[in-house]
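Here is the structure we will look at, set down as structure tokens.
The values are calculated or read from the model by the stated rules, or taken from the named source; none is laboratory data. Since this is a predicted model, take the numbers as computed values, not measurements. When we count neighbours, we look across all protein chains shown, and the Cβ atoms used for this are built from the backbone with ideal geometry, even at glycine.
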Amino acid sequence: MSEPRVDVLRLGHRKGRDPRITTHLALVARAFGANRFVLSGDKDQEMFDNLKSVDERFGRGLECQHVSSPIGWLRKFVENDAGDGLPGIAVHLTMYGEQFREAIPEIPKDRPIVIVVGGSKVPSEVFKLCQYNVSVGNQPHSEVAALGLFLDSWFSGESLNRKFENARLIIEPSASGKKVLDLDK
């Protein structure tokens with residue numbers, strides 16, 4: 001049996017203001033094991049094209065989707081249609097939640113999960129719809145760091161050890177210099 005799908009929902013993306021942070025959220029989602037990146041707010045095809053380019057070079061493929069109604073999408077996900085006919089689990093990353101290391105063992109791992117990452121202002125309904133409001137520290141910090149720490153713990157520290165299928169470029173660890181294998185050559 002394969003692992004349930006892991007989605008990341010980015011709330012309130014503003015194309016003129018947030019492209020770098022949102023791109024970093026998507027790259028962390030991809031590298032740390034998420035299957036799908038769901039964007040709400042402004043549609044950003046250029047960012048999706050850049051993520052597709054990363055997938056083409058480094059492998060695997062992160063499904064990307066834009067939704068115009070994140071609350072409706074989230075409600076559908078948790079109530080009845082997260083995938084495979086199963087209701088999903090929604091985890092909201094917020095500095096007001098319970099500590100992630102205490103929460104993760106309590107979160108079911110037999111159903112699809114969406115990790116909700118806020119934007120400029122998170123609607124109060126998100127706190128109510130999510131079964132888990134989880135913090136990675138209770139101080140102001142980067143949502144990118146919070147997502148990375150949460151996903152690493154969710155996958156028990158193994159998310160960075162995965163192999164990416166269909167990779168054309170592979171970076172080999174090196175104490176100094178760059179070692180990149182180009183499989184097209």
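Among the residues of region 154-168, the one identified as surrounded by 15 or more Cβ atoms within 10 Å (Cβ to Cβ), modelled with pLDDT under 95 and not in a loop (DSSP other than H, G, I, E, B) is Ser159.
Scanning region 149-165 for residues that are in contact with a helix residue (DSSP H, G or I) (Cβ under 8 Å, 6 or more places away or on another chain) and among the charged types (D, E, K, R) yields a count of 1. Counting only residues that are of a type in the set (Phe, Trp, Tyr) and under 19 Å from Pro112 (Cα atoms), region 1-57 holds 2 of them.
Filter region 1-22 down to residues that are touching a helix residue (DSSP H, G or I) at 6+ places or on another chain (Cβ under 7 Å) and surrounded by 21 or more Cβ atoms within 10 Å (Cβ to Cβ) and give me whichever is nearest to Pro108 (Cα to Cα). Outline the logic, then answer.
Quick first cut of region 1-22, residues touching a helix residue (DSSP H, G or I) at 6+ places or on another chain (Cβ under 7 Å) only: 8-11, 13, 19, 21-22.
With surrounded by 21 or more Cβ atoms within 10 Å (Cβ to Cβ) added as a condition, the list becomes 8-11, 13, 22.
Values: Val8: 17, Leu9: 18, Arg10: 22, Leu11: 23, His13: 29, Thr22: 27 Å.
The extreme case among them is Val8.
Residues are listed down the side, and each one gets a yes or a no for (1) over 26 Å from Leu169 (Cβ atoms); (2) polar (S, T, N, Q):
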{"position": "Lys43", "(1), (2)": "yes, no"}
{"position": "Ser53", "(1), (2)": "no, yes"}
{"position": "Gly59", "(1), (2)": "no, no"}
{"position": "Trp73", "(1), (2)": "yes, no"}
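When residues in region 141-151 are screened for being touching a residue at least 60 places away in the same chain (Cβ under 8 Å) and among the aliphatic types (A, V, I, L, M), 3 of them pass. For the structure I just gave you, tell me whether Asn138 is farther than 20 Å from Pro70 by Cβ, in contact (Cβ under 8 Å) with a residue 24 or more places away in the chain and either surrounded by fewer than 16 Cβ atoms within 10 Å (Cβ to Cβ) or within 16 Å of the chain's Cα centre (by Cα) (or both). For Asn138, the condition - farther than 20 Å from Pro70 by Cβ, in contact (Cβ under 8 Å) with a residue 24 or more places away in the chain and either surrounded by fewer than 16 Cβ atoms within 10 Å (Cβ to Cβ) or within 16 Å of the chain's Cα centre (by Cα) (or both) - is met.
Scan region 54-65 and tell me whether some residue there is basic (Lys, Arg), in contact with a strand residue (DSSP E or B) (Cβ under 6 Å, 6 or more places away or on another chain) and either surrounded by 15 or more Cβ atoms within 10 Å (Cβ to Cβ) or on the phi < 0 side of the Ramachandran plot (or both). Yes, region 54-65 has at least one match.
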